[in-house]
Amino acid sequence: IFRSKLTFFAAAKVSSSFPPPDLPEIAFAGRSNVGKSSLLNALTRNWGVARTSDKPGLTQSINFFNLGSKLCLVDLPGYGFAYAKEEVKDAWEELVKEYVSTRVGLKRVCLLIDTKWGMKPRDRELIDLMERSQTKYQILLTKSDAVFPIDVARRAMQIEESLKANKSVVQPVMMMSSRTGAGIRSLRTVLAKIARV
Ligand code: GTP
Ligand code: MG
């Protein structure tokens, strides 16, 4: 399934323009610049379909991609982007929260955490929201290539421990690098199980 063609089919800045939920959906959430768009590209081998950038806050709408008409992959705008205007920031964040807690057909949220920085208050907020709305989510540690392997493993254990009592989390924490490809195949296997067969 991850060999299928990835096609962009909708961008939404308000919930009324979300496309109809026709496919099982997997969303990628996390702080700005954590590597969401890069991961989407690496997963699907579609270099450049989801745009990436050094400048945080590039993804400014919820972007919906169709993967071989079996899955809908969703690139969410990052939160915690310091340079955006306050009101723009709040609007994105509200939109992401609304999407994550109410979207029909949403089967999994991949919450990306930068291995180096770990979990931040905004990440916890989103986790609490997903627990309340019973949205299934899993944690992906990104940019594992930028940290010593021992520290990657330590970070993963620390996060798994802190989520032990949570009900909607899908363990284990996965360690990823879009740059080296580490973890990409394992993640494909996990996510392919969610696709329409
Ligand atoms: P927003 O759209 O602003 O929310 O950002 P994003 O989460 O989509 O991040 P994006 O994929 O655009 O990547 C941000 C920066 O991190 C880029 O400069 C990437 O090259 C870099 N990056 C992404 N993945 C990796 C990785 O696995 N390792 C390393 N070292 N850098 C990465
Ligand atoms: Mg992005």
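Each reported figure results from applying straightforward, stated rules to the coordinates on display, with no laboratory input. The model shown is predicted, which means the values in this text are computed figures rather than measured ones. Cβ: placed from backbone, ideal geometry, glycine included. Neighbour counts: every protein chain shown.
Below, the figures for the structure above:
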read-out: Per-q log10 I(q)/I(0), region 136-197, q = 0.22, 0.25, 0.26, 0.30 Å⁻¹ (Debye; single scatterer per alpha-carbon; no solvent); value: -0.94, -1.09, -1.13, -1.25
read-out: Region 103-197, relative contact order in percent, only Cα pairs under 8 angstrom and at least six apart counted; value: 29 percent
read-out: Computed [θ] at 222 nm, deg cm²/dmol, the chain (DSSP H ≥ 4; -39,500 (n - 2.57); rounded to nearest 500); value: -10000 deg cm²/dmol
read-out: Gaussian network model of the chain, Cα within-10 Å springs - most flexible of Val109, Val147, Val74; value: Val147
read-out: Against the rule of thumb 2.2 N^0.38 Å, how large the Cα Rg of region 6-192 comes out; value: 0.95
read-out: Amide H partners (placed H, <5 Å) of Ala10, local residues excluded; value: Phe64
read-out: Placed amide H near Ile113: partners under 5 Å, 5+ positions off or other chain; value: Leu140, Leu141, Thr142
read-out: Simple spin-label estimate for Lys13 and Glu131 in nanometres, 7 Å along Cα-Cβ; value: 3.5 nm
read-out: Under Karplus coefficients 6.51, -1.76 and 1.60, residue-wise ³J(HN,Hα) of region 11-18 in Hz, glycine/proline x; value: 10, 10, 10, 9, 5, 5, 9, 4
